[in-house]
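**Q** I have a structure I would like to understand better, so I am pasting it below and will then ask my questions one at a time.
The values are calculated or read from the model by the stated rules, or taken from the named source; none is laboratory data. Note that this is a predicted model, so its numbers are computed, not measured. Here Cβ is always computed from backbone atoms with ideal geometry, including for glycine, and neighbour counts include all displayed protein chains.
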Amino acid sequence: MTTFIALGILILLAGYGVVIYNNLVALKHRVAQAWANMDVLLKQRHDELPKLVETCKQYMTYEQDTLARVIEARSQVSSAREARDVDALGRAETGLRAGLGQLFALAENYPELKASESFQHLQARISALENGIADRRELYNAAVNLNNIRIEQFPDVLVARAFDFQPFTLLEFVEEELRDHSIGALFGKG
């Protein structure tokens, strides 16, 4: 009789371990899905930025340094995104957003550029992508946070360690560098 009770307890514990394992796997895949969803928007913005720079080059003869910084930041974002280096992506995104903010602020000095239909379209498109990236970043960070909490909580930590579940890094931007760089606000849309 005690053998059956012991066997029953072992089966229950194994079943509970399987449930925990499956939940941890689901969380890991939610993080991957959230990253992939954000990655789509990052790629779309990556494709739009050269068009914006080209449009600006036609009007902004004295702002080549700003345009070069935007292109360099775009390259850094792309490299970090492809390497899935979340810390480097956060730093590169901060630089890119600051560069875009400066670029759009400088556009105020070029009435012909501001009036350009192509510029207006690209500004609206990039602003929409920025908003989408912010939303997807929030979802990504929520998935990462949930994963990281679960792999540290008891009894999940036992299964997480046994199967080498790792924490993920939050995607954070340096907020002080982002302050006052709202693209929509620069154009009276924020």
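**Q** What pairs can you find where one residue is in region 100-118 and closer than 15 Å to Leu49 by Cβ, the other is of a type in the set (S, T, N, Q), and their Cβ atoms are less than 6 Å apart, with a gap of 6+ or different chains?
**A** So the pair list comes out as Gln102/Thr66; Leu103/Thr66; Ser118/Thr55.
**Q** I need the full set of residues from region 1-38 which are under 15 Å from Ala162 (Cβ atoms) and not small (Gly, Ala, Ser), in order please. Please lay out each step first, then the result.
**A** Going through region 1-38, the residues under 15 Å from Ala162 (Cβ atoms) turn out to be 13-14, 16-25, 28.
Within region 1-38, Leu13, Tyr16, Val18, Val19, Ile20, Tyr21, Asn22, Asn23, Leu24, Val25, Lys28 meet the criteria.
**Q** Right, next: Could you tell me whether region 58-67 includes any residue that is out of contact with any Asp or Glu (no Cβ under 6 Å at 6 or more places or on another chain) and farther than 30 Å from Phe119 by Cα?
**A** No, the conditions are met nowhere in region 58-67.
**Q** Scanning for something surrounded by fewer than 16 Cβ atoms within 10 Å (Cβ to Cβ), under 30 Å from Ile151 (Cβ atoms) and within 26 Å of the chain's Cα centre (by Cα), does region 53-70 turn up at least one residue?
**A** Of the residues in region 53-70, the ones surrounded by fewer than 16 Cβ atoms within 10 Å (Cβ to Cβ) are 54, 57-58, 61-62, 64-65, 68.
Those still in the list that are under 30 Å from Ile151 (Cβ atoms) too: none.
Within region 53-70, none of the residues are surrounded by fewer than 16 Cβ atoms within 10 Å (Cβ to Cβ), under 30 Å from Ile151 (Cβ atoms) and within 26 Å of the chain's Cα centre (by Cα).
**Q** Can you pull out every residue in region 134-177 that is of a type in the set (A, V, I, L, M) and in a loop (DSSP other than H, G, I, E, B)?
**A** Hits for region 134-177 are Ile151, Leu170, Leu171, Val174.
**Q** Still on this structure: Of all residues in region 21-76, count the ones that are without any contact (Cβ under 8 Å) to a residue 40 or more places away in the chain, among the acidic types (Asp, Glu) and within 21 Å of Tyr140 (Cβ to Cβ).
**A** Going through region 21-76 one residue at a time, the tally reaches 1.
**Q** Looking only at residues in region 108-128 that are among the charged types (D, E, K, R) and either farther than 14 Å from Lys57 by Cα or not in a helix (DSSP H, G or I) (or both), which one is modelled with the lowest pLDDT?
**A** Glu108
**Q** Tally the residues that are farther than 17 Å from Met60 by Cβ and not hydrophobic (A, V, I, L, M, F, W, C), restricting the search to region 94-107.
**A** Selection size over region 94-107: 3.
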